[in-house]
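Trainee: One structure is given below, represented as C-alpha cells, and several questions about it will come after.
The values are calculated or read from the model by the stated rules, or taken from the named source; none is laboratory data. Note that the structure is predicted; figures quoted are calculated from it, not measured. For neighbour counting, all protein chains shown are included, and Cβ atoms are generated from backbone atoms with ideal geometry for every residue, glycine included.
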Amino acid sequence: MTSKYHKYSFGDPEWDIICEDPEVVGTTPEEDEDGPVDIRALRVFMSKVVSDMMKAKLPFVDQGLRVTDHDIAVNGGNITVRAYIPEAGANETFALMLWMHGGGYMAGDRETDDLDLRSYCVSENIVIVSVDYRLAPEHLFPTAVNDCYEALKWVLRKATTLSADPAKGLIIAGLSAGGNLAAVLPVIARDDPLFTTPITGQFLQMPLICHKDEYPDRFKADLHSIDDLADSPFLTRLALNKTCKTVKIDTKSPLFSPLLAASHKGLPKTYFQICGRDPLRDEDIAYAQILQENGVEVRMEIYTGCPHIFHYVDASTQAAKKFRNDTRFGIRWILGRS
C-alpha cells in the first residue's frame, strides 16, 4: 500500500537527479543482506566521506565563539562533550542546546556536525554542547541513551562554567539516531522526579521514532514510507533492521521508541525537520501528530524529494540551504524569538 504522504517522496528538481547519480549514492557503504554491519565502512563514511562533503561546501566559523572539550565520567567509562560558547561579556549567559549526532548509534562523533554547530552557536547566540556518546557494537543499547542523559545532567550542573542559563532556554536536539536520542531524553526527564529543570523544546531532525514491527495499531494503516522507500539513498530499511540487531536494541522499549511511551503529555514544544524521501518520514509525521493530540505545540518542515541526511551530501543545493536556515528558525521558534 502506498503512503498517503507519498506526495513528499519526489519532486525536488535537484535531488531527483542527485538520487539517481551512482557516483553520489555509491558513497554509502554497500549492504550484504545476510552479513553483519560493516562497522569500519560505516565509520569511514561518517568520519571522512560526510566530513569531506560538508567541508567542501560549508564555511569554518572560528570567530565569535570559543570551543572547548570536556570529559565526563559515566557508568562504566568516560565520554567527551564539546561546548560551543558565544563570545560573552562579563557575566553574560545564553540559552543552552544539547546536541546528539547521528550515525546509527555505531558511527559519528563530536566532529560530525562541528561546522554546523559552530555556525548555529554564533548566528543564534546560544551555547551548544555536543555529546560524543559511546558507540555500538562496543557499547550496546541503551548505553547511548544513558550517556546522553548523564551528559544532560552534567551540562546543567556546569551551566555557569559554560556561560549557559537554562532559564533562558533548554533545547534537546539531534539528527537521525541523535534525533531518536533527543526524542527519548525529554520523556526520561519528565518521568524522573529528580530532574527539575524545565525543558523548553525538543528539536528533532529526521529522527528514528519506532521500529516497524512495533508500530501501534492506530498508525499501521498510515505508516508505509518504511516500505515504499525501503531502498532510498543513504538510509534503507535493511540498514535500519541491521542496526537494531547490531546495537541489540529493545524495539519495544520507549528508550528506543518514544512513540510507545506510556504518555505523551507534558512534553516540550517540538520542531521537526523531516525528509520526504526518507523511510522514516511517516513515523516522524505520526509522532508529530500524537504530540499535538496531547497538547504539545509542534512545528514541522518536510523537505519534498529529499533523502535522509541530504544536507550532508550536498550542502550547495537549495533544499540543503533551506534546511540550515530552517534549523536557525527552529531554534528561534523554540526559544520564542521568532
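Trainee: Among ALA107, ALA95, ALA83, which is the only one that is closer than 27 Å to PRO268 by Cβ and touching a Lys or Arg at 6+ places or on another chain (Cβ under 6 Å)?
Mentor: Testing whether each residue is closer than 27 Å to PRO268 by Cβ and touching a Lys or Arg at 6+ places or on another chain (Cβ under 6 Å) leaves just ALA95.
Trainee: Determine if the range 15-26 includes at least one residue that is of a type outside the set (D, E, K, R), farther than 17 Å from ASP231 by Cα, part of a helix (DSSP H, G or I) and in contact with a helix residue (DSSP H, G or I) (Cβ under 9 Å, 6 or more places away or on another chain).
Mentor: Taking every residue of the range 15-26 in turn, none turns out to be of a type outside the set (D, E, K, R), farther than 17 Å from ASP231 by Cα, part of a helix (DSSP H, G or I) and in contact with a helix residue (DSSP H, G or I) (Cβ under 9 Å, 6 or more places away or on another chain).
Trainee: I'd like the full set of residues that are of a type in the set (A, V, I, L, M, F, W, C) and on the phi > 0 side of the Ramachandran plot, limited to the range 283-338.
Mentor: ILE309
Trainee: I would also like to ask the following. Say whether the condition of being touching a residue at least 60 places away in the same chain (Cβ under 8 Å), more than 22 Å from MET206 (Cα to Cα), surrounded by 16 or more Cβ atoms within 10 Å (Cβ to Cβ) and within 19 Å of the chain's Cα centre (by Cα) is met by at least one residue in the range 66-79.
Mentor: yes
Trainee: When you go through (1) closer than 28 Å to LEU170 by Cβ; (2) outside any loop (DSSP other than H, G, I, E, B); (3) not β-branched (Val, Ile, Thr) one by one for ASP282, which number turns out not to apply?
Mentor: Going through (1) closer than 28 Å to LEU170 by Cβ; (2) outside any loop (DSSP other than H, G, I, E, B); (3) not β-branched (Val, Ile, Thr) one by one, ASP282 breaks only (1).
Trainee: Looking at (1) of a type in the set (Gly, Ala, Ser); (2) surrounded by fewer than 19 Cβ atoms within 10 Å (Cβ to Cβ); (3) in a loop (DSSP other than H, G, I, E, B), which is the one condition that is false for SER51?
Mentor: (3)
Trainee: For GLU150, which of the numbered conditions (1) more than 24 Å from ALA262 (Cα to Cα); (2) in a helix (DSSP H, G or I) fails to hold?
Mentor: (1)
Trainee: Do we have any residue at all in the range 2-10 that's surrounded by 14 or more Cβ atoms within 10 Å (Cβ to Cβ), farther than 24 Å from THR317 by Cα and of a type in the set (Ser, Thr, Tyr)?
Mentor: Yes, some residue in the range 2-10 is surrounded by 14 or more Cβ atoms within 10 Å (Cβ to Cβ), farther than 24 Å from THR317 by Cα and of a type in the set (Ser, Thr, Tyr).
Trainee: Step by step: first the residues of the range 309-336, then only those that are closer than 24 Å to GLY104 by Cα and among the aromatic types (Phe, Trp, Tyr), then the one that is surrounded by the fewest Cβ atoms within 10 Å (Cβ to Cβ). Which residue is that?
Mentor: So the residue we want is PHE323.
Trainee: Could you grab the pairs with beta carbons closer than 8 Å, sequence gap of 6+ or different chains, first residue in the range 109-127 and under 15 Å from HIS70 (Cβ atoms), second one surrounded by fewer than 18 Cβ atoms within 10 Å (Cβ to Cβ)?
Mentor: ASP109/SER47; ARG110/ASP69; ARG110/THR80
Trainee: Here's a follow-up. Cβ contacts < 7 Å: first residue under 17 Å from GLU20 (Cβ atoms), restricted to the range 301-312; second residue in a helix (DSSP H, G or I) and of a type in the set (D, E, K, R), any location; separation 6+ or different chain. Result?
Mentor: Every condition considered, the pairs that remain are GLY305/ASP16.
Trainee: Can you name the residue in the range 218-268 that is in a loop (DSSP other than H, G, I, E, B) and acidic (Asp, Glu) and, of all such residues, is surrounded by the most Cβ atoms within 10 Å (Cβ to Cβ)?
Mentor: ASP222
Trainee: Can you name the residue in the range 47-69 that is more than 13 Å from ASP116 (Cβ to Cβ) and among the hydroxyl-bearing types (Ser, Thr, Tyr) and, of all such residues, is modelled with the lowest pLDDT?
Mentor: Ranking the qualifying residues of the range 47-69, first place goes to SER47.
Trainee: Of all residues being of a type in the set (A, V, I, L, M, F, W, C) and within 16 Å of the chain's Cα centre (by Cα) in the range 139-150, which is surrounded by the fewest Cβ atoms within 10 Å (Cβ to Cβ)? Just the residue, please.
Mentor: At the first step, the residues of the range 139-150 found to be of a type in the set (A, V, I, L, M, F, W, C) are 140-141, 144-145, 148.
Within this subset, residues satisfying the condition of being within 16 Å of the chain's Cα centre (by Cα) are 144-145, 148.
Values: ALA144: 28, VAL145: 20, CYS148: 26.
My answer is VAL145.
Trainee: Any idea which of (1) touching a residue at least 24 places away in the same chain (Cβ under 8 Å); (2) under 30 Å from GLY336 (Cα atoms); (3) not aliphatic (A, V, I, L, M) is the one PRO216 doesn't satisfy?
Mentor: (2)
Trainee: On to the next question. Residues ALA182, ALA136, ALA177: which one is closer than 23 Å to VAL50 by Cβ, of a type in the set (Gly, Ala, Ser) and surrounded by fewer than 24 Cβ atoms within 10 Å (Cβ to Cβ)?
Mentor: ALA136
Trainee: Same structure, new question: What's the number of the only condition in (1) closer than 21 Å to LEU260 by Cβ; (2) among the small types (Gly, Ala, Ser); (3) part of a loop (DSSP other than H, G, I, E, B) that GLY174 fails to meet?
Mentor: Exception for GLY174: condition (3).
Trainee: Please count how many residues of the range 269-285 are among the basic types (Lys, Arg) and either under 17 Å from PHE219 (Cβ atoms) or surrounded by fewer than 20 Cβ atoms within 10 Å (Cβ to Cβ) (or both). Before you say what the answer is, go through the steps one by one.
Mentor: Narrowing the range 269-285 to residues among the basic types (Lys, Arg): 269, 277, 281.
If we keep only those that are either under 17 Å from PHE219 (Cβ atoms) or surrounded by fewer than 20 Cβ atoms within 10 Å (Cβ to Cβ) (or both) too, we end up with 269, 281.
Here the count works out to 2.
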